[in-house]
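The values are calculated or read from the model by the stated rules, or taken from the named source; none is laboratory data. These numbers come from a predicted model, not from an experiment. Because the Cβ atoms are built from the backbone with ideal geometry, glycine has one as well, and the counts that use them run over all protein chains shown. Heavy atoms of the whole protein, side chains included, go into the accessibility calculation; ligands, DNA and RNA do not. Shrake-Rupley method; radii C 1.70, N 1.55, O 1.52, S 1.80 Å.
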Amino acid sequence: GAHVVVLEKRSILNRPNILHLWDWSKDDLKDLGCRETWIKGDVAMHVGVKEYQNILLRAAIIAGAKIMLGATFKEIQKPNGQHTHFTAIAHDSNTDQNIAYPFDVIIGASGARENVVRKALNVEITTEKASKESIGCVANFQKSGTALEKAWPELNAASHFNLPLFKKAAKTCAPHPTSGACPHSDLENLVYYQQNTHYFVATVKRKTLIDNHIIQRSQSKPFSPLGVVNKHHLNVFMKNTGSFFLKHQIEKNLNETIKNHPGQVKKHKQLEEDMQHVDAILQHLEPTKTATGQTWATCFDFSYRINAKHSGRILHHKHSNTFAIGLFIGDVQQVPFWPQGLGINRGGLSVYDAAHAIMQIHFHPPAHGGHHPTLDPMNLKDVLATKEFSFRKYQKTIEGTEAHKTIPTGLLENNAKTREKKTRDTVNVEILADGALRKFTFKIPKITNPDPTEHYVNFKMPENLVPDHEYRAKMADGYLTKEEESNAWVLAPLEY
């Protein structure tokens, strides 16, 4: 029964990038009406950002939300003679006018760096610098529609699982189109997916970016800003690097087919043809363009973990004794680590927690002569404390509503020397269900020669626990530590 307004800065939902999905994220998408053909994946499940946004857009419209495309949040205004509520001011780029939206609850869902709602609520951030620099590069190329490119295998390669291959890639010479030089390709990982585009993303060393003329040599200092990215040279580099790894995987598939199915001559010839034509096809693919004609390729620095110190804040206007609450979801709350696919998966959890929190808000009947219910300030503090607890358990999270769950393999310790996986025998799980915190200990099954591309190991929920729509499960080694407990108190209300 709430009146909901969604502000979306983009006028067109056309982002070509691709999102890595965990099992429960896929199930949620299907529940929202996602087509089976939109969820793909050979080495990992994934869905296009554009498709995901359209699914959410459709669900929001069906639920009765008002969607404002091309609208940008500007500020929060306190109650006044015109508005008895706190009011969000947004700028509509379609009409070039500001629009006022009174609210009881405001949710910040922007990216980590576009944190206008977080700033409006005066919530501080923490910035944690990684021990080593991490730079990601993304490139998208239009499909030409050939049968050969449709058969290309998807990739999810990491140097710590195949160091010899990455060393070979680093020594592989790819002549630069202008200078003719042969820079190296020093990578930490590379992912290739097919959706509406050919999508490549990799973690690349800064020296490699400089040697390939993607960034300026003046930006050689570690952890310094990347400066202007030469998108043409970036696309050339991603094509050359992608070609190397694609040919390696096709050759590997060919050798396995010859070994296991020596009689499949037609299949052998097809794979040989694929391997021979990868370079030619890739080099002729055009970069994907934005609505304004810009090439959809970029570099991004994810060496820093930027987190909000708190997951929301209560607003209070003293003169009128009016309350409101602000919450954060997605990247604005906690910057994800993209190689683990944390963006949409952890972001989805934050959405559910925010929705759960809103459902727990109590309203008092309108005061004498009033027209609108009022918020209960004590209840708001409890609501925010629950959201805060969930926020502090996002680092290791399991989630779902089915009987069988999964545990991220972050629990598994990788021994790089022996390439063996050692597992804990048990894992403790704190479960918040029906408002009560319960603790369970699960046995983790023994794993022999695990596939490094697998992200989960299965375990079974106790049969006596019947989760409902309020179910949330959070990974933990125990209850909150003293430090976590002291930090878990909600922020004091922001007074106006």
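Hey, among F244, F300, which residue is touching a residue at least 24 places away in the same chain (Cβ under 8 Å), in a strand (DSSP E or B) and either of a type outside the set (S, T, Y) or crowded, with 20+ Cβ neighbours inside 10 Å (or both)?
That would be F300, the only listed residue that is touching a residue at least 24 places away in the same chain (Cβ under 8 Å), in a strand (DSSP E or B) and either of a type outside the set (S, T, Y) or crowded, with 20+ Cβ neighbours inside 10 Å (or both).
Please find, within the stretch 54-66, the residue that is nearest to I106 (Cα to Cα) out of those that are open to solvent by 50 Å² or more (accessible area, probe 1.4 Å) and in contact (Cβ under 8 Å) with a residue 12 or more places away in the chain.
Across the stretch 54-66, the extreme among qualifying residues is K66.
Can you pull out every residue in the stretch 207-232 that is farther than 23 Å from P287 by Cα and either in contact with a helix residue (DSSP H, G or I) (Cβ under 8 Å, 6 or more places away or on another chain) or outside any loop (DSSP other than H, G, I, E, B) (or both)?
Residues satisfying the conditions are K207, R217, S218, Q219, S220, P222, P225.
In the stretch 12-27, which residues are in contact (Cβ under 8 Å) with a residue 24 or more places away in the chain, outside any loop (DSSP other than H, G, I, E, B) and out of contact with any Phe, Trp or Tyr (no Cβ under 9 Å at 6 or more places or on another chain)?
Of everything in the stretch 12-27, those that are in contact (Cβ under 8 Å) with a residue 24 or more places away in the chain, outside any loop (DSSP other than H, G, I, E, B) and out of contact with any Phe, Trp or Tyr (no Cβ under 9 Å at 6 or more places or on another chain) turn out to be W24, S25, D27.
Consider D96 against the criteria (1) open to solvent by 90 Å² or more (accessible area, probe 1.4 Å); (2) among the charged types (D, E, K, R); (3) touching a residue at least 12 places away in the same chain (Cβ under 8 Å): it satisfies all of them except one. Which criterion is unmet?
Among (1) open to solvent by 90 Å² or more (accessible area, probe 1.4 Å); (2) among the charged types (D, E, K, R); (3) touching a residue at least 12 places away in the same chain (Cβ under 8 Å), the lone unmet condition for D96 is (3).
Could you look through the stretch 267-280, keep only residues that are touching a residue at least 60 places away in the same chain (Cβ under 8 Å) and surrounded by 18 or more Cβ atoms within 10 Å (Cβ to Cβ), and pick out the one that is nearest to I214 (Cα to Cα)?
Here the answer is V278.
Here are the criteria: (1) at pLDDT 85 or above; (2) open to solvent by less than 40 Å² (accessible area, probe 1.4 Å). Tell me which single one V335 does not satisfy.
That leaves (1) as the condition not met.
Testing D104 on (1) closer than 28 Å to V204 by Cα; (2) modelled with pLDDT of 90 or more; (3) not hydrophobic (A, V, I, L, M, F, W, C), one condition comes back false. Which one is that?
(1)
Being at pLDDT below 85, over 30 Å from Q77 (Cα atoms) and either surrounded by fewer than 20 Cβ atoms within 10 Å (Cβ to Cβ) or of a type in the set (D, E) (or both) narrows it down to one residue among E128, E149, E114; which is it?
Only one candidate passes the filter, namely E128.
Considering only the stretch 285-295, I want to know if a residue exists there that is touching a Lys or Arg at 6+ places or on another chain (Cβ under 7 Å) and under 30 Å from I125 (Cα atoms).
Checked the stretch 285-295: no residue is touching a Lys or Arg at 6+ places or on another chain (Cβ under 7 Å) and under 30 Å from I125 (Cα atoms).
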